[in-house]
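A short worksheet on the structure shown next.
The values are calculated or read from the model by the stated rules, or taken from the named source; none is laboratory data. Given the structure is predicted, the values throughout are model-derived calculations rather than measurements. All Cβ positions, even for glycine, are placed from backbone atoms using ideal geometry, and neighbour counts span all protein chains on display. These accessible areas exclude ligands, DNA and RNA; they are computed on the full protein's heavy atoms, side chains included. Shrake-Rupley method; radii C 1.70, N 1.55, O 1.52, S 1.80 Å.
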Amino acid sequence: MNVIKTLKPLTRAVITTLMCSLPLLNVSIAHANTTSAPLKVVLAPSDPTWQLAINNKLLGPTEVLIEPTERGFARQVQPLLQAGNYGEVAALFKGRDISEDSTALNLLRAQVLLSTKDFNNAELAYLACLKASPDLVKAHQGLSLLYMQQAKYDKAQIHLVRTIELGQADAQSYAQLAYIHVQHSQPWSAVAAYRQALMLAPETSQYQQGLLFALIGSGDLNQANALLKELLNKSPDKAELWLQRAQIALQLDQKKQALAAIEVALKLNPKNTSNQLLAAQLHLSEGSTERAVSLLKQGLKHATKKQQIEVINTTMQTLAWLVSEQKWNLAKELIGSAKRLTKQLPRDEQAQFSVYSAQLAMQQGNTTRALKSLNNALKINPNLGDALLSLASIYRSKNQLTQAKLMYVRAQALPDYQLSAWLGLSQIAIDSKEYPSALKHLRKALQANPERQDLITNIRALENIVRQEG
């Protein structure tokens, strides 16, 4: 009788301690932690608009002159050029041999073909010009524009630098050079080039926004803030500027200010999925869980095919956090909205989604649905620790201890889940009154996790029981 009286409180104490490590309460640790990654606004420099000046005055004095034999063709295309019918001009050039035309006519050919986005033939025409006249500024300018449009920034830079060396140091050339520096992740060089462009064209908003982007990238937040205030005073309805304000606030770790700026951007562009995702993450980090889930549901609804992967990945991170915090009503909403897109996920992530669905079903008391989801998850990924621990929890609740033990044994082979598995095995041993086995598992847990000093009390209690039974 004395042993039985002693056993009950000790067993209850062990159970109380071990309950803190049940898989349902400690779910998806690896996934939940991903939401703590630093948040940032993913900004790209605005798509620039570069101007191409086409020579509409072939018959007048220009940098290079057409041959007398080409004057008839020049008179034919002149009205088409002035009317902007570049497609018709391009068609007329198809009947001419590039090797027989003058540099002036090939320059026009190149400009027209570039304007019609016939990049390959435009490049051939520009290169023919430079072969005949290596210092022809308009050919270098045209090639830089051509390569910029093809995102061949290294080639574009060569011709831009040559353009400036030849004395054509206009605002657009410096702005193009700045844009290339941004693409090459060279923000300080971009800042210098944008400032040169703005010296020549101070009111060009495209260059001002480019400078702002480069200043943020360089970390010069004081200058960026000053310029941003000026731009917002002029254009308070530009969502991009509010996003840049959010980026500055995030770099200064001012999450509330960042969130306020993102919300303004959302009001200006309510269906922008990227903004919805960032706002959701910020709301989550600031504790506004309901708003975060609402934004994610909107993102799931409006995402384009290209955006779906990003949306569902953020949703998975949020689900991990909601489940770990046991916010089941919100988890239910998000699972319902995300279900139709889960086929876009890699198979391992599909399995993880099944685990979240199962854990929700467990909370609702629907063990049949939970078992089905968990077994589906393990078919995809037999080593999914969350699924193994959740299955073990269900089997324990049904007093099917052999099956529960098997799940824990499988989970203990996975480093991230060893502690929960050992504690689960220890609890099953206690339930079965196999105290030496429980003691063995607890000692393993303590050895691997010496910071868990709470286990020492349980180990000592079990040691007393084992001695009394011995």
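Anisotropy class assigned to the range 254-299 is oblate, per the alpha carbon gyration tensor with a/c at or over the 1.5 cut-off and a/b no larger than b/c.
Estimated from the Cβ-Cβ distance and a Förster radius of 51 angstrom, the FRET efficiency linking Ala226 and Asp348 is about 0.60. Longest segment of the chain with no GluC sites (Glu not before Pro) in a DSSP loop having at most 11 other Cβ atoms within 10 Å? For GluC sites (Glu not before Pro) (loop position, at most 11 other Cβ atoms within 10 Å), the longest site-free span of the chain is 204-450. Under the combined filter of DSSP loop state and at most 13 neighbouring Cβ atoms within 10 Å, the range 434-470 retains none of its trypsin sites (Lys or Arg not before Pro). Here the Karplus curve 6.51 cos²θ - 1.76 cosθ + 1.60, taken at θ = phi - 60°, turns the phi angles of the range 82-88 into couplings of 5, 8, x, 8, 5, x, 5 Hz, with x standing for Gly and Pro. In this simple spin-label approximation, Ser397 and Lys372 carry label points 7 Å from Cα along the Cα→Cβ vector, and these lie 1.7 nm apart. Counted residue by residue at 0.36 nm each, then reduced by the alpha carbon distance between them, the extension gain from Asp154 to Ser432 reaches 93.0 nm. Multiplying the residue separation of Glu203 and Ser288 by 0.36 nm and removing their Cα-Cα distance gives an extension gain of 26.6 nm. Of the residues Phe73, Thr342, Cys129, the one whose Cα sits farthest towards the positive end of the charge dipole of the chain is Thr342 (charges of +1 on Lys and Arg Cβ, -1 on Asp and Glu Cβ, taken about the Cα centre). Rounded, prolate or oblate: pick one for the range 354-414, where a ≥ b ≥ c are the square roots of the eigenvalues of its C-alpha gyration tensor, a/c under 1.5 means rounded, and failing that, prolate if a/b is larger than b/c, else oblate. Oblate shape, in that a/c is at least 1.5 and b/c is the bigger or equal ratio. Working from label points 7 Å from Cα in the Cα-to-Cβ sense, the Ala413 to Lys305 distance is 4.0 nm. Couplings 3J(HN,Hα) of the range 178-193, computed from phi: 4, 4, 5, 4, 4, 5, 8, 6, 10, x, 5, 5, 5, 4, 4, 5 Hz, in residue order, whole Hz [Karplus 6.51 cos²θ - 1.76 cosθ + 1.60, θ = phi - 60°; x for Gly and Pro]. Oblate is the label for the range 416-460. Its Cα gyration tensor axes, ordered a ≥ b ≥ c, give a/c of at least 1.5 and b/c at or above a/b. Three principal axis extents describe the C-alpha atoms of the chain; from largest down they are 121, 47, 37 Å. If only the Cβ of Lys and Arg carry +1 and only the Cβ of Asp and Glu carry -1, the dipole of the range 266-342 around its Cα centre is close to 400 debye. Put a dot 7 Å past the Cα of Trp188, heading toward its Cβ, do the same for Ser218, and the two dots end up 0.9 nm apart. Annotation for the range 243-322: trypsin sites (Lys or Arg not before Pro) lying in DSSP loop with at most 16 further Cβ atoms inside 10 Å of their Cβ are Lys271. For Lys398, a cut-off of 14 angstrom between C-alpha atoms picks up these aspartates and glutamates, skipping any fewer than 8 places away in its own chain: Asp431.
Pull out the extension gain between Gln78 and Leu124, defined as 0.36 nm times the separation in residues minus the alpha carbon to alpha carbon distance; nm, one decimal.
Details: separation 46, 0.36 × 46 = 16.56 nm, distance 2.27 nm.
Extending this stretch completely gives an extra 14.3 nm.
Per residue, the accessible area of the range 329-470 comes to 49 Å² when a 1.4 Å probe rolls over the protein heavy atoms. For the chain, the dipole from Cβ point charges (+1 on Lys and Arg, -1 on Asp and Glu) about the Cα centre works out to 2380 debye, to the nearest 20.
Shown for the range 232-359: lysine pairs separated by 8 or more places, or found on different chains, whose C-alpha atoms are under 14 Å apart, numbering 7. Comparing Ile216, Leu455, Trp188 along the charge dipole axis of the chain, the residue lying farthest to the positive side is Leu455, per the Cβ-charge model. Would you tally the net charge around Gln344, using a Cβ to Cβ cut-off of less than 12 Å, leaving Gln344 out, and scoring K and R as +1, D and E as -1? Cβ neighbours under 12 Å give a net charge of +4.
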